[in-house]
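Data block below; observations after.
The values are calculated or read from the model by the stated rules, or taken from the named source; none is laboratory data. Not measured: the values here are computed from a predicted model. Cβ atoms come from the backbone with ideal geometry, glycine included; neighbour counts cover every protein chain shown. What goes into the accessible areas is simple: the full protein's heavy atoms, side chains included, and nothing from ligands, DNA or RNA. Shrake-Rupley method; radii C 1.70, N 1.55, O 1.52, S 1.80 Å.
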Amino acid sequence: MPTFEPKRAAAIHRDLHSHVPSDPVLRVKALESLAVERGLVTSERIDAWVEAYSEHIGPKRGAQVVARSWLDPGFRTRLLDDAASAIREFGFEGDATGDLKALENTPEDHHLVVCTLCSCYPFSILGMSPAWYRSAEYRARAVREPRKVLAEFGVTIPDDVSVQVWDSTSERRYIVIPQRPAGTEGWDEDRLAAIVTRNAMIGTDRHLEIGAP
Amino acid sequence: MDGIHDLGGMEGFGPVAATFEQNPFPGFADWEKRVVGLSYTLPLDGMTIDWFRHVVELMAPRDYLQTAYFDKWCAAYVVMFTDNGTFTLPDFGRPSALADTGAPSGEAVAAVLAQDRASAGSYERPAGSPPAFAVGQTVRTRAHMHSGHHRLPRYARDAEGRIISHHGCHPLPDASARGTETPEHLYTVRFDARTLWGPDAPPNDHVALDLWESYLVPA
């Protein structure tokens, strides 16, 4: 059982430097090998998780959810009402999406998601977060100067569009539903999903590119 | 705690290193993928998400800023599994070699995908008392917090905002970090950007935070 003693944890952090390799490659290897040696984990199980996030769990899931919301008004209503339940229709429920909220961009509103305190992210629907999302720069600035941050992603928000920043301070997680671009009339779900970017579902992309006609 | 982890609104950071990649492990080194796998595989008996977060927050500030995100996770696991007596720090100086494993079997991948789906669930808990605040109400956040783990960032203290939704009761992070589950009403509170950042902020921009009832007082 954990001691839940902050002073003890802080002391171990300080002592760690004299015992644990500082290179993350060696440090992680040491942790895995000790955990395997004590029978806590198997490398095969870790391999399986890496494979699951490489081939199955990722932003393609979120893109499919977005595409369906553009095509099926009933699904869109269910998604906006209770996203955690709606993604079960795809079997996409999993880690960090049990209290999921979908935020719909409109001509008047642009949504942007951050976690200033750690880097919370809706893993089962968007997969692993990009490095910029976890950076001190993004965590510090997204709440204070979101328009400048968006400009660094090439996104300009007009003055009459309101920027809504969502700081993920609880176990609730957020996915942004971008607007469907013009010129995609008649497209099927797969074709629509292919234009939905990871950044658009976090909020650092607004106008999706539909590619060459 | 008023720690280095509480980065929201801090100034002096440079541009965000924007990337646009679509691949499943965007920019991940192999060791970072191993940490992800470990995070789902290590037996976290009795450990809570908030104890994990607090352990990360307790890293020395100088180290916190210089340590990559998944290296912080690794350090937190080293600390947590040393704290609970599984390992001693000197153990990390003599790791044994890891055997080469081939590609995982389809069954193994199916098993972890099933584990992931089965882990899904809301943090909402039965309410023991009626909510103190209502949707639409203006509230004020507490000016001062405590030195333990909590989820009210500095930039949103002593500020007036409007409750835009109520989510029933969720475990209070402050208690979860001490190993106790204490459900408390949770609200989403929306703040005008000008309230948080001053008159130069755009008039129609907002920041929303999910805040527990004990973080709020009547306006």
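Figures for the structure shown
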{"item": "Hey, residue A:123 within 17 Å of the chain's Cα centre (by Cα), more than 7 Å from chain B (Cβ to nearest Cβ), open to solvent by 10 Å² or more (accessible area, probe 1.4 Å) and at pLDDT 95 or above or not", "result": "yes"}
{"item": "Top-ranked residue of the range A:179-206 - restricted to ones that are closer than 30 Å to residue B:5 by Cα and over 12 Å from the mean Cα position of the chain (by Cα), ranked as least open to solvent (accessible area, probe 1.4 Å)", "result": "A:206"}
{"item": "Failed condition for residue B:190, given (1) touching a residue at least 40 places away in the same chain (Cβ under 8 Å); (2) under 19 Å from residue A:120 (Cβ atoms); (3) in a strand (DSSP E or B)", "result": "(1)"}
{"item": "Every pair of residues 6+ apart whose Cβ atoms lie under 9 Å, when the first sits in the range A:13-25 and is without any contact (Cβ under 8 Å) to a residue 12 or more places away in the chain and within 9 Å of residue B:93 (Cα to Cα) while the second is basic (Lys, Arg) and open to solvent by 70 Å² or more (accessible area, probe 1.4 Å)", "result": "A:21/A:29"}
{"item": "Single residue of the range A:15-35 satisfying the filter (facing another protein chain (nearest Cβ under 7 Å) and open to solvent by 50 Å² or more (accessible area, probe 1.4 Å)) that is nearest to residue B:113 (Cα to Cα)", "result": "A:29"}
{"item": "Test: residue in the range B:95-105 that is outside any helix (DSSP H, G or I), open to solvent by less than 40 Å² (accessible area, probe 1.4 Å), in contact with a His (Cβ under 8 Å, 6 or more places away or on another chain) and not assigned by TED's automatic domain parsing to the domain that holds residue B:48", "result": "no"}
{"item": "Some residue of the range A:67-75 being crowded, with 21+ Cβ neighbours inside 10 Å and either without any contact (Cβ under 8 Å) to a residue 40 or more places away in the chain or among the β-branched types (Val, Ile, Thr) (or both)", "result": "no"}
{"item": "Any helices (runs of 4 or more DSSP H) falling wholly within the range A:35-104 and containing at least 2 residues that are under 30 Å from residue B:97 (Cβ atoms)", "result": "A:43-55"}
{"item": "Extreme residue, farthest from the chain's Cα centre (by Cα), among residues of the range B:61-78 that are facing chain A (nearest Cβ under 7 Å) and open to solvent by less than 40 Å² (accessible area, probe 1.4 Å)", "result": "B:78"}
{"item": "Residue, farthest from residue A:173 (Cα to Cα), within the range B:166-219, restricted to residues that are open to solvent by 30 Å² or more (accessible area, probe 1.4 Å) and of a type in the set (Ser, Thr, Tyr)", "result": "B:195"}
{"item": "Residue pairs meeting the criteria (Cβ under 6 Å; at least 6 apart or on separate chains; first more than 8 Å from every other protein chain (Cβ to nearest Cβ) and outside any helix (DSSP H, G or I), in the range A:139-160; second open to solvent by 20 Å² or more (accessible area, probe 1.4 Å) and not basic (Lys, Arg))", "result": "none"}
{"item": "Residue within the range A:163-171 that is touching a Leu at 6+ places or on another chain (Cβ under 9 Å), over 30 Å from residue B:50 (Cα atoms) and hydroxyl-bearing (Ser, Thr, Tyr) present", "result": "no"}
